[in-house]
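> Take a look at this one; I'll ask things after.
The values are calculated or read from the model by the stated rules, or taken from the named source; none is laboratory data. Just so it is clear, the model here is predicted, and its values are computed rather than measured. Every residue, glycine as well, gets a Cβ built from its backbone with ideal geometry; the counts of neighbours run over all protein chains shown. Each accessible area value is taken on the protein alone, full model and side chains, heavy atoms only, with ligands, DNA and RNA left out. Shrake-Rupley method; radii C 1.70, N 1.55, O 1.52, S 1.80 Å.
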Amino acid sequence: MKSRILQLISLLSLLGAIGCGGSGSNGGNPGAIVGLVFVTGLNAPMQYLAEPGRPDIALVLERSGVVRAVVNDVLQIAPVLDVSGEVITSGECGLLGMAFDPQFSTNGFFYLNYVSGSPTTTRVVRYTMNPDGVSASPGSALKIFSWNQEPLFNHKGGSLAFGSDGLLYLGLGDGGGTNDPNNFAQDPLQLLGKMLRIDPSADDFPADPDNNYHIPASNPFVGTVGVREEIWAFGMRNPFRWSFDGTSGALIIADVGQDVYEEINYEPNSAPGGRNYGWRLREGMHNTGNGGPAYSSPLTDPFIEVAQPLARSIIGGFIYRGTALPVSMRGRYIFGDFITDSLWSLTIDLAGNEALPKTLSDATDHTASIGFVLSGIVSISPDANGEPVIVELSAGRLVRLVPAP
């Protein structure tokens with residue numbers, strides 16, 4: 001027990017959470033599921049993604065900057081790519097996210113999101129996979145996006161993903177510090193505290209070797225004086241794990257809270273962008289008392305907020321569309337928490353394409369049914385068959401959710 005407590009204390013800063021607590025309540029019974037450990041021995045794993053077009057291969061990010069391959073559920077010894085010389089791991093930094101290009105099957109492009117040092121900088125870098133699907137050369141690197149993160153080492157975001165529009169979305173945290181001291185999340189000239197949308201297939205910055213991307217003409221603030229045109233949405237604190245629903249195209253953003261509330265935001269595929277999710281003026285649905293101004297109004301409420309300590313560092317997952325779990329699980333959003341190691345699922349009910357408000361009492365708590373104690377949930381994503389895989393940063397394991405025997 002003492003070693004577990006010390007381990008949690010050493011990892012608390014990773015997602016900007018403080019303290020720990022219990023799990024939420026049970027909102028119905030969509031079917032019994034358990035956890036099956038299928039990979040061990042990882043070094044601080046951060047994310048698991050199935051490789052498109054190769055159902056036998058998945059990639060796992062290790063925080064230090066190493067990309068590992070899992071072939072037929074077996075961890076491979078040789079790394080796919082090692083960029084640890086470029087990555088810093090202070091605070092919440094590290095290799096945080098990955099995305100495959102929509103044309104990966106023909107161009108082999110994949111993108112890494114990591115934090116480098118001197119100065120501290122968020123970078124999105126494109127690499128090219130070799131035809132074997134399990135190796136890539138550091139020499140294939142092309143810097144796509146860079147943004148200065150000085151001087152703090154927390155709230156760096158994590159996930160990046162392509163939407164159904166073929167464009168690359170990136171979530172940046174507010175850059176750290178209590179209460180977003182510079183109100184970056186509401187500053188229209190600052191990319192921190194925002195969701196961004198860019199096109200990495202063209203280059204609007206030919207004189208800048210660190211930024212090689214195009215700003216889509218359909219971005220909500222293109223042509224707006226005094227606003228960075230990369231911005232898709234305002235008011236994020238630390239959108240560490242978020243996803244697109246592969247069926248509806250909806251964007252579901254889990255934003256790590258500060259002291260009182262965790263939140264998950266739902267944005268339908270039909271939304272034109274430009275929403276303001278409220279931080280630092282609001283945490284969840286509640287005013288913080290921090291000063292403004294807000295860039296825009298009205299502020300958009302999350303569809304669910306979780307009061308601490310039931311969750312302390314929310315981990316967004318995905319809407320389950322697989323077939324192996326009980327049919328009652330299909331269409332449910334699976335999410336968890338890094339600090340409490342709780343795991344829930346929840347139906348998302350829509351009205352006019354918008355998600356209706358829910359509370360944690362509407363969710364099903366699967367934590368006890370897993371069969372063992374999860375340790376540091378840091379990512380929840382589908383495998384090649386759409387089945388949920390949990391990444392445990394603390395335990396260095398991959399866990400697949402399967403039907404209870």
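> For region 65-105, what are the residues that are among the acidic types (D, E) and open to solvent by less than 30 Å² (accessible area, probe 1.4 Å)?
E92, D101
> For the structure I just gave you, tell me whether F221 is surrounded by fewer than 24 Cβ atoms within 10 Å (Cβ to Cβ) and of a type in the set (F, W, Y).
Yes: the conditions hold for F221.
> Is it the case that D259 is open to solvent by less than 10 Å² (accessible area, probe 1.4 Å), in contact (Cβ under 8 Å) with a residue 40 or more places away in the chain and either more than 16 Å from K194 (Cβ to Cβ) or not hydrophobic (A, V, I, L, M, F, W, C) (or both)? Explain how you work it out, then say what you get.
Values: open to solvent by less than 10 Å² (accessible area, probe 1.4 Å): no; in contact (Cβ under 8 Å) with a residue 40 or more places away in the chain: yes; either more than 16 Å from K194 (Cβ to Cβ) or not hydrophobic (A, V, I, L, M, F, W, C) (or both): yes.
Here the answer is no, as D259 does not meet what is asked.
> Among strands (runs of 3 or more DSSP E) lying entirely in region 111-165, which contain 3 or more residues that are open to solvent by 30 Å² or more (accessible area, probe 1.4 Å) and of a type outside the set (F, W, Y)?
Hits in region 111-165: 121-128, 142-148.
> Further question on the same structure: Can we say L191 is within 23 Å of G97 (Cα to Cα), of a type outside the set (G, A, S) and in a strand (DSSP E or B)?
So L191 does not fit the description; no.
> Kindly establish whether D208 is at positive phi, in a loop (DSSP other than H, G, I, E, B), modelled with pLDDT of 95 or more and not aromatic (F, W, Y). Explain how you work it out, then say what you get.
On the way: at positive phi: no; in a loop (DSSP other than H, G, I, E, B): yes; modelled with pLDDT of 95 or more: yes; not aromatic (F, W, Y): yes.
No, not satisfied.
> Using the structure shown, decide if W279 is at pLDDT 95 or above, in a loop (DSSP other than H, G, I, E, B) and aromatic (F, W, Y).
Yes, satisfied.
> Limited to region 60-75, what total is found for residues that are in contact (Cβ under 8 Å) with a residue 40 or more places away in the chain and closer than 19 Å to S140 by Cβ?
Final tally of qualifying residues: 4.
> Take the residues in region 166-181 that are in a loop (DSSP other than H, G, I, E, B) and either over 23 Å from A294 (Cβ atoms) or without any contact (Cβ under 8 Å) to a residue 60 or more places away in the chain (or both); name whichever of them is most open to solvent (accessible area, probe 1.4 Å).
Looking at the filtered set, the residue picked out is P181.
> Taking region 282-298 as the search range and keeping residues that are in a loop (DSSP other than H, G, I, E, B) and within 20 Å of P309 (Cα to Cα), which one is most open to solvent (accessible area, probe 1.4 Å)?
Among those residues, the one meeting the criterion is M285.
> Enumerate the pairs (first residue in region 129-150 and touching a residue at least 40 places away in the same chain (Cβ under 8 Å); second residue anywhere and of a type in the set (K, R) and surrounded by 15 or more Cβ atoms within 10 Å (Cβ to Cβ)) with beta-carbon separation below 6 Å, excluding pairs fewer than 6 apart on the same chain, so at least 6 apart or on different chains.
G133/R54; L142/R126; I144/R126; S146/R123
> I'd like the full set of residues that are surrounded by fewer than 18 Cβ atoms within 10 Å (Cβ to Cβ) and closer than 30 Å to T288 by Cα, limited to region 182-218.
N182, P188, L189
> Moving on to the next point. Could you list, in sequence order, all residues of region 225-249 that are open to solvent by 20 Å² or more (accessible area, probe 1.4 Å), touching a residue at least 12 places away in the same chain (Cβ under 8 Å) and more than 16 Å from Y169 (Cα to Cα)?
If the condition is that a residue be open to solvent by 20 Å² or more (accessible area, probe 1.4 Å), touching a residue at least 12 places away in the same chain (Cβ under 8 Å) and more than 16 Å from Y169 (Cα to Cα), then G226, T247, S248 are the ones that fit.
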